[in-house]
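The structure appears right after this line, and notes come after that.
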Amino acid sequence: MHSGDITIDDITKVEGSACLSVKVANDQVSDLKFIIKDYRRFYTRAVRGKPALTAPSFLSRICGTCSVAHLFASIEAVEKSQGMAVSEQTKILRRLAYDGLMLRDHALHLYFFVLPDILGVDSILDIPDNVNNLGHQLLHDSFYIKRLGSEITDVVIGAAIHAPYPSVGGFLKLPDPGKFPDLITRLENLRPQILRGIKTFFDWKETLVRNSDYLCLRNDKSYDFLEGEIVNSNGKRVPEEKFPEFLDSVVIPYSESEGYVFSDTHEDYLVGSLARINLNRDLLNPKTVADIKDFLTVFPSNNIYHNNLAQAIEMLHCLDDAVEILKNLKISEEKPVRNSPRAGTGVGVVEAPRGTLYHKAAVDDKGMVADYEVIVPTSQNQINIENDLKKYFNDNLGKDEENLRLEAEKIIRAYDPCMSCATNFLKIDWSRA
Amino acid sequence: MNKKLVVGWFSFTCCEDSTILFTELLNDHYDTWKKLVEFRYLKALKTKNSLEGLDVAFVEGAISSPTQEKRVREIRENAKYVVAVGACAVTGRPSATRNDFVDKDITDKIQWYFDHFDYSKKVLKLDEVIKVDDIIGGCPMDKNIFLSTLEKYLKLFKIISDA
């Protein structure tokens, strides 16, 4: 049992985005800080005065791994500010592209970042080169999953990262339907590999149970990452425009990111796959549900490690959803909607891979951005992560330091915060009073 | 054991899109690179990292703070070659957009961050801080230039034949 302060420090690792500081007194955690260290780029300020039509492409640069989420949230915000309605084809193509994003992004997190924890190795680079080894099989499964996710986005929106085809009002270039049959075949052939992944994350018995508050987008017609209303686990439900009413922003003086709590209960909450599966699993694709009934029995779950299982389930859902879309989609030639500029404000809320993402654009009568706001998932999860870590350390101070460090990283990783946070973010310097 | 190219991969202020693209390249090159490259520093994928004895350091992102400047100088001292990767490292942009801010752009909220963390007055591109041997532009990096640059260093360090 630790009898004095413990310092977990990441100061010298400047390329890392986060670090963790823990102080212990009387065998209890007296202070714990989860510190997000990415330097701000102030893009929401920089975009002011720029043409609103260009804002989505610029703001997709907020994040490399979920740039498509920022792109689509920003496009939605600008479209709504202009009172612009898009075609059904545009909506379905965005949905298809998003399936590709989720496949690639979830696979990156689950197999490149989390799988080494399950296998007990430092990294994917340490997985044995043995085709009969389960770790080797899972890693190579991930290459196929990521590649196909990226290929969907390549075909539909031109790239997996900072995609060039989506625009305010529609698409600058439409996909070539001649590429759909090959994608369908390869996606259908990929189902066994994804099911192997789901079983792997189901069988991983890591547990940390604390919080029971969740928030996500819900569309009562389907499991939807792009359209719906905001719901939470307390039964509250509001339209996208009123999303900030759910939240109170909390200044965290040691972190580059603000945190958020529910505005009514002042409780921390979680966004991401676990929230979505807890609140929306009744809407999953029927084909997906038919093959994973046993794995769904653990939900609703308050075990943060089940965020990994929830992501794996979402991969299968996105695969099945993409196949359905590709089999039924007939592409019609159309140009993006373009209106004369008008003054207005619009909100775009989407479910990014790691949780609910909010963009709000205020546009002036010349079509220039007058104001812009963004609330990202990792900021919303920040206080939840910190409180989970407090619980973990208080319950486990008898463990050795190396074990505590590795477990703390696993807990943070389970949230799938933005990339450099999620991976190897800690340099530990332990000191005791 | 055959000699491998000792590589480090570092990210500073950016969206880390080139890191994401790098992880995508592993879909096709993992088995080959594992034989040819020792990723000695790659925090995106490894817990155990070391700066020592790098043949090539690939550095992504712009430099936003004195802390980052110090760190990138440390990387330079430990690497025989440094390659700037992606638009933010090569040009500073778009991460350096705040360099264009005038006084009215610095809101109280922005000033709070400037006051509470060690932001540099200006965001710098990599070669404004250290000597850079090669650049790979693009947002994210151009993957073909990355592959050809890696091949160049594999040949330079005689990991693969120059034939």
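The values are calculated or read from the model by the stated rules, or taken from the named source; none is laboratory data. Since the structure is predicted, the reported quantities are computational estimates derived from the model, not experimental observations. Ideal geometry is used to build each Cβ from the backbone, glycine not excepted, and the neighbour counts take in all protein chains shown.
The table below lists the values:
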quantity: Positions within region A:87-130 being under 29 Å from A:LEU183 (Cβ atoms) and of a type in the set (Asp, Glu), in sequence order; calculated: A:GLU88, A:ASP99, A:ASP105
quantity: When residues of region B:1-14 are limited to those that are under 12 Å from the mean Cα position of the chain (by Cα) and assigned to a loop (DSSP other than H, G, I, E, B), the one farthest from the other protein chains (Cβ to nearest Cβ); calculated: B:CYS14
quantity: Residue list for region A:298-320, restricted to those being out of contact with any Gly (no Cβ under 8 Å at 6 or more places or on another chain) and among the aliphatic types (A, V, I, L, M); calculated: A:VAL298, A:ILE304, A:LEU309, A:ILE313, A:LEU316, A:LEU319
quantity: Residue in region A:208-217 that is more than 21 Å from the chain's Cα centre (by Cα), modelled with pLDDT of 95 or more and more than 14 Å from chain B (Cβ to nearest Cβ) present; calculated: no
quantity: Some residue of region B:92-110 being closer than 30 Å to A:SER257 by Cβ, touching a residue at least 40 places away in the same chain (Cβ under 8 Å) and not hydroxyl-bearing (Ser, Thr, Tyr); calculated: yes
quantity: Hey, A:SER21 in contact (Cβ under 8 Å) with a residue 12 or more places away in the chain and under 27 Å from A:ALA343 (Cα atoms) or not; calculated: no
quantity: Residue in region A:41-56 that is within 14 Å of chain B (Cβ to nearest Cβ) and buried (at least 24 other Cβ atoms within 10 Å of the Cβ) present; calculated: yes
quantity: Selection within region A:353-384 - among the hydrophobic types (A, V, I, L, M, F, W, C) and within 16 Å of A:ASP248 (Cα to Cα); calculated: A:LEU357, A:VAL374, A:ILE375, A:VAL376, A:ILE383
quantity: Close pairs (8 angstrom Cβ cut-off, 6 or more residues apart or separate chains): within 13 Å of chain B (Cβ to nearest Cβ) and outside any helix (DSSP H, G or I) in region A:119-141, exposed (fewer than 15 other Cβ atoms within 10 Å of the Cβ) and among the aromatic types (Phe, Trp, Tyr) anywhere; calculated: none
quantity: Top-ranked residue in region B:42-76 [being within 9 Å of chain A (Cβ to nearest Cβ) and under 19 Å from A:ASP122 (Cβ atoms); ranked as surrounded by the most Cβ atoms within 10 Å (Cβ to Cβ)]; calculated: B:ALA44
quantity: Checklist (1) buried (at least 18 other Cβ atoms within 10 Å of the Cβ); (2) farther than 17 Å from B:LEU147 by Cα; (3) within 9 Å of chain A (Cβ to nearest Cβ) applied to B:ALA79, failing item; calculated: (3)
quantity: Which listed residue is of a type in the set (D, E, K, R) and under 24 Å from the mean Cα position of the chain (by Cα), from A:ASP117, A:ASP176, A:ASP182, A:ASP126; calculated: A:ASP117
quantity: Region A:293-304 residues that are in contact (Cβ under 8 Å) with a residue 60 or more places away in the chain, paired with ones that are of a type in the set (Phe, Trp, Tyr) (beta carbon under 6 Å, 6 or more apart); calculated: A:PHE295/A:PHE202
quantity: Condition met for A:ASP268 (in a strand (DSSP E or B), within 27 Å of A:LYS360 (Cα to Cα) and among the acidic types (Asp, Glu)); calculated: no
quantity: Residue selected from region B:15-25 under the condition more than 7 Å from chain A (Cβ to nearest Cβ) and buried (at least 18 other Cβ atoms within 10 Å of the Cβ), by the criterion farthest from B:PRO94 (Cα to Cα); calculated: B:PHE22
quantity: Selection count, region A:165-175, where residues are on the phi < 0 side of the Ramachandran plot, in contact (Cβ under 8 Å) with a residue 40 or more places away in the chain and not in a strand (DSSP E or B); calculated: 4
quantity: Among (1) facing chain B (nearest Cβ under 10 Å); (2) in contact with a strand residue (DSSP E or B) (Cβ under 9 Å, 6 or more places away or on another chain) - the single one A:GLY149 does not satisfy; calculated: (2)
quantity: Hits in region B:121-153 (condition: touching a helix residue (DSSP H, G or I) at 6+ places or on another chain (Cβ under 6 Å), farther than 15 Å from B:ASP17 by Cα and not aliphatic (A, V, I, L, M)); calculated: B:LYS122, B:LYS125, B:ASP134
